[in-house]
Structure formats: C-alpha cells, structure tokens
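Just so it is clear, none of the values below were taken in a lab; they were calculated from the coordinates. Everything numeric in this text was worked out from a predicted model, so none of it was measured. Positions of Cβ are backbone-derived with ideal geometry, glycine not excepted, and every protein chain shown enters the neighbour counts.
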Amino acid sequence: MEPFEQDELTDRELDRILAEWKSPEAPARLRAALFPEESASPWSRFWNISFRVPLPVACGLILLLTLFFWRWSGFPPVRTDRPVVVSNPSELQPVKEIRPRIIRRQDVQN
C-alpha cells in the first residue's frame with residue numbers, strides 16, 4: 001500500500017514517515033540574532049550587566065529609602081496630637097495670655 005492512498009494514515013505509517021523526515025537547516029541570520037559576537041570593547045560588556053530583584057524587595061527598598069530621606073531631610077515630624085473636640089461651643093473662651101514657643105532644632109530640649 002502506497003502512503004497517502006487513504007485520507008487517514010495509521011500510527012505505523014505516521015511513525016515511518018516521521019523517521020524519514022529531515023528538518024531544514026536554520027538560516028545563518030538566526031544564529032547571529034540569537035548569539036551575537038562579542039564586541040571588541042570591554043566597556044560594552046560592563047554596561048550590559050543586569051540582575052533581577054524580586055518586586056517585594058524592590059518595593060521595600062524604595063520605602064526604606066523614602067523614609068530615610070524624609071526623616072533626615074529637615075521636615076518637621078508629623079504631629080500625632082488629636083484636635084480638641086468641643087461638644088458645646090459656648091464653652092469656648094478667648095485666650096488670656098499668648099506664650100509662643102520657638103523650636104530651634106528637633107534634637108534640642110526647648
């Protein structure tokens with residue numbers, strides 16, 4: 001029986017055809033695209049260095065650097081005082097004496 005006489009081939013016929021089949025050679029430009037030749041300059045290899053950092057590690061580093069620069073940049077600290085809540089506005093009285101407090105630096109007792 002000749003191959004391809006029927007519309008469907010048996011497994012044996014397919015195995016025989018597959019054993020005889022030879023794949024075509026890859027074009028030369030494909031090898032050049034996948035494996036470029038080393039450049040003559042050592043600096044080009046230096047600038048092509050890369051490494052992977054997991055996303056949680058990168059986010060943590062960014063957060064730590066942000067906190068570090070915010071803390072030591074000279075901005076005043078965030079106040080944690082809660083505002084006074086007055087339930088009856090008639091209880092409010094004018095200030096009798098104003099005593100301003102000058103804060104020169106954060107690390108000095110005033």
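Quick notes on this structure:
- Packing-based ranking of 14-21, 96-103 yields 14-21, 96-103, ordered from highest to lowest mean Cβ neighbour count within 10 Å.
- Once the chain from Arg71 to Ala33 is taken as fully extended at 0.36 nm per residue, the excess over their C-alpha distance is 8.7 nm.
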